[in-house]
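*Asks:* Shown below is the structure under consideration.
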Amino acid sequence: MADKLVKRRSSMKAKLTTFSAYLNVLKSCDNLSNLQIIELETRFDKFNALYTEFDELQTEIEVSSDKPDEAYATRDQFEQQYYSLVALARSLLPGSDGKSQHRDSTGSEATVLGH
């Protein structure tokens, strides 16, 4: 059972690495196109959901672990990388003050707080 949980956690860590690589490509661009911004917003929304999934899984691992200190260190490492990537993604979105511009279904721009 624990092996299956650890494998699932490894998959989540791989998603961090994939998102990090994607952000590094965007970071190298002088200006993001509208399509790149839309793609980033979509990927970022999905990436945000990753933390809840990780937290639940990691808690299960920690509770059942014979070596909780290792499990806690893994959580800390994941969270540091996760929050760093969240900050980078937000900085790449228009209005890095926590506001980004979205187009609603009518094509008008609407400001969304805290993305």
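The values are calculated or read from the model by the stated rules, or taken from the named source; none is laboratory data. From a predicted model like this one, the values you see are computed outputs, not experimental measurements. FYI the Cβ positions are ideal-geometry reconstructions off the backbone, even for glycines, and counts take in every protein chain you see.
*Asks:* Can you tell me how many residues within the range 26-36 are of a type outside the set (S, T, N, Q), surrounded by 10 or more Cβ atoms within 10 Å (Cβ to Cβ) and without any contact (Cβ under 8 Å) to a residue 60 or more places away in the chain?
*Replies:* Total satisfying the criteria: 1.
*Asks:* Here's another thing I want to ask about it. Which one is nearest to Ala71 (Cα to Cα), of the residues in the range 6-24 that are among the aliphatic types (A, V, I, L, M) and modelled with pLDDT of 95 or more?
*Replies:* So the residue we want is Met12.
*Asks:* Taking the condition in a helix (DSSP H, G or I), among the charged types (D, E, K, R) and touching a helix residue (DSSP H, G or I) at 6+ places or on another chain (Cβ under 9 Å), does Glu53 pass?
*Replies:* It is true that Glu53 is in a helix (DSSP H, G or I), among the charged types (D, E, K, R) and touching a helix residue (DSSP H, G or I) at 6+ places or on another chain (Cβ under 9 Å).
*Asks:* Condition check: farther than 18 Å from Asn24 by Cβ, of a type outside the set (A, V, I, L, M, F, W, C), modelled with pLDDT under 95 and surrounded by 10 or more Cβ atoms within 10 Å (Cβ to Cβ). Does Lys99 satisfy that?
*Replies:* It is true that Lys99 is farther than 18 Å from Asn24 by Cβ, of a type outside the set (A, V, I, L, M, F, W, C), modelled with pLDDT under 95 and surrounded by 10 or more Cβ atoms within 10 Å (Cβ to Cβ).
*Asks:* May I ask you to list pairs of residues, at least six apart or on different chains, whose Cβ atoms are under 6 Å apart, with the first in the range 59-79 being under 17 Å from Arg8 (Cα atoms) and the second being hydroxyl-bearing (Ser, Thr, Tyr)?
*Replies:* Cβ pairs passing all conditions: Ala71/Ser65.
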